[in-house]
1. How big is the equivalent ellipsoid of segment 113-256 along its three axes, where each semi-axis is √(5λ) from the Cα gyration tensor, reported in whole Å from largest to smallest?
2. State the answer as a single residue: which of Gln539, Gly483, His455 lies farthest towards the positive end of the charge dipole of the chain, with beta carbon charges of +1 for Lys and Arg and -1 for Asp and Glu, about the Cα centre.
3. Less than 18 Å apart at the alpha-carbon level, and either on another chain or at least 8 residues along: which aspartates and glutamates does that give for Lys474?
4. Tell me, how many Å apart are the Cα centres for segment 406-422 and for segment 505-547?
5. Only Cα pairs under 8 Å and at least 6 apart count here; give the relative contact order of the chain as a rounded whole percent.
6. Considering only Cα-Cα distances, which of the following residue pairs are longer than 31 Å: Lys438/Lys525; Lys153/Lys385; Lys172/Lys270?
7. Would you calculate, for the chain, the mean residue ellipticity at 222 nm contributed by helices, counting each DSSP H stretch of 4 or more residues as -39,500 (n - 2.57) and dividing by all residues, to the nearest 500?
8. Treating cross-link reach as a plain straight distance, find the aspartates and glutamates whose alpha-carbon is under 20 Å from the alpha-carbon of Lys400, omitting any fewer than eight places away in the same chain.
Amino acid sequence: MNSNMNKVFNLKEYGTPEIRQRISVLERFRLLLDYTNDAVFIFEYPSGELVDCNSQARRYANHQEGDDCHANFADLVPEDAWAEVQRQLIDFNDETFKTQPIESRFIGRGRNVPVEITVGLAQTEEAAYAVAVMRDITERRLQEQRLRESEEKYRTLVETAGDGICIVQDEKIAYANPKVAELLGYSTDELLGVHFGEVVHRDHFDRLMRLYQRFIDGKNEKGVIEVNFVTHDGSSHPVELTGSAVSFAGHPASLVVIRDISMRRKTEQKLRESQAQFRLIAENVSDVIWVLDMDFQTFAFLSPSAENLYGMSTAELTGEPMLNRLTPASQVMVQQAIAEEMAFFENGKFDPYRTRTMEVEQLRRDGSTFWAEVKASFLRDDNDKPIGILGVTRDITERKRLQDEQQKLISLVERSTDLIGVCTLDGRMIYVNETGRKMIGLDPDGDPAGKNFVHLLDQRQQTMLYSEIIPAIKNQGFWRGEGTLVHMQTGEPVHVDIHTFTIFSQSTGEPAYFATVMRDISVLKRSEQALTFRLEILQIIADISTRFINLESGQIDSEINLALQRLGRFAGVDQCFYFVIGPDGKTAYKTHHWLRNAPVSPAHTMRTLDTEKFPWLLARLKRFEPLFLSSVDELPAEAVVEREFMTAAGLRSIVFV
């Protein structure tokens, strides 16, 4: 190729003017070929050996610029493509033959590119040469694939649409989806070519054709019209047609969307039939039915019940500003609500069936007020634009009073210091107030469902529940007594005073729930037990003192031991000690002690006590005050030394007499 080019340059320099002119044309032609996006291959025919190729072809074959094209065209395409190239080249000189683009793939040099090949044949005195123009169609293939996918989506959408869709061209049906065929009772094939007027009722045909002509003339791009179709069996079927001007197969046509409105027609008929009934109801119900005019301010209509509610005649109220019947606070609330609803409409978020409910305070003629529940919605025109407000007003004064009382009762229950609860007849908790939750160890924020009051009772209490409490409730409607619950978290006993009664169903009159009120009496119980203990031990001390009055000296030691034993067994302690305070009042000497069957504690080895180290205890004993402590923890804050000593000595409870 390079030697040939050198010859061309030599001819250009030394050849005749005619030759130089032809060479210049060839150079421009060569430049044009090199800058085209298509690959151009020239090969000998029929061998297929490449003779020359342009720059794009070199890039296809991964040849460097300036290199000769050493390849066979048959190796650059699949066998079927090469066979088709040969077939077209054989018939090329036939005047009746017309070459056709060949879609195949370029597979030379390890590449695999979709291409479109166009071939031609040139005959010279020396040889026959074929020209193959190869165009990369990768992007076209992708676009075709996207187009097929898009067409499939739209075809599926149209074929499965709930509305009928058809194309009318020259007043005939050129396309109809299955829904159109279903509405008319034909198959889709039967509808093709049918004059559109044949499926439209004759009373509506002229009006429809005028609209159709306007679409064709481009005077109106879109329109909606209601007509009756004539179905295959001759019956009439109401539909709504929406038409748009389109181009189909290169000619003007109309795209018609057909919606079945038979159900809507029936609904409208029923609505018309019921209007008289609704008017009769509106004139007799206690609620006030009203309509505000287009400015949303004045009453255009009120039902007769308004006279009882406002103390004014409907004639006086009609035309009066609606805000006059509201307190200032309610005026602000209503105006804000109307503004919000209008904003929904203007933003395209409106719902034609949307209803708004409010509680407002209204005014009567005499200036008194009452609470009312107002339900209102927009009245709309054919374009869904709000043109008024339809509302119903109900006097809820009594309901508000009951709600207030109910809220007071709820506050009372929640703030009660007693447990107040409700459960099913088998004990499953439904409600427990805050105090009750703390009392029994129930999660303050948890759901009581799944918990059972029965599980808070020990075995003895459960036996009592079924043998005594439930029978009493069934017979008398209530039971009152004392019981003991088990704290759900700590397991500690909680002594309670219980009042349980039945809640009856309002509909059946049968028992539905149990309600219970429980008061924590644990502190009271402990106080009673402590008082009983104190009285009994004082009685024992009095008995012991009486026995010591007439004792002989030889009997004192044994009587002291008996007294210690009696005190120890009554108090349920392990050891009892008898100390004698010395003459100086500073030292106490242990002279006797009683020991139950228990390990020896550090206190057992004590012989003397320095009384001055225990000022709080010594002061009590000097005043002859008995001391009863069920736990060392009950010592007062000032008895610091006494607490440390008794703890170190292993003393858990103390009785000093």
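The values are calculated or read from the model by the stated rules, or taken from the named source; none is laboratory data. Since this is a predicted model, take the numbers as computed values, not measurements. Positions of Cβ are generated from backbone atoms using ideal geometry, with glycine treated the same way; all protein chains shown enter the neighbour counts. Side chains are part of the model used for accessible areas, which takes the heavy atoms of the whole protein and leaves out ligands, DNA and RNA. Shrake-Rupley method; radii C 1.70, N 1.55, O 1.52, S 1.80 Å.
1. Gyration-tensor ellipsoid for segment 113-256: 47, 18, 15 Å.
2. Positive-most Cα among the choices belongs to Gln539.
3. Partners within reach: Asp426, Glu510.
4. 25
5. RCO, the chain: 4 percent.
6. In this structure, Lys153/Lys385; Lys172/Lys270 lie more than 31 Å apart at Cα.
7. -12000 deg cm²/dmol
8. Asp287, Glu359, Glu361, Glu373
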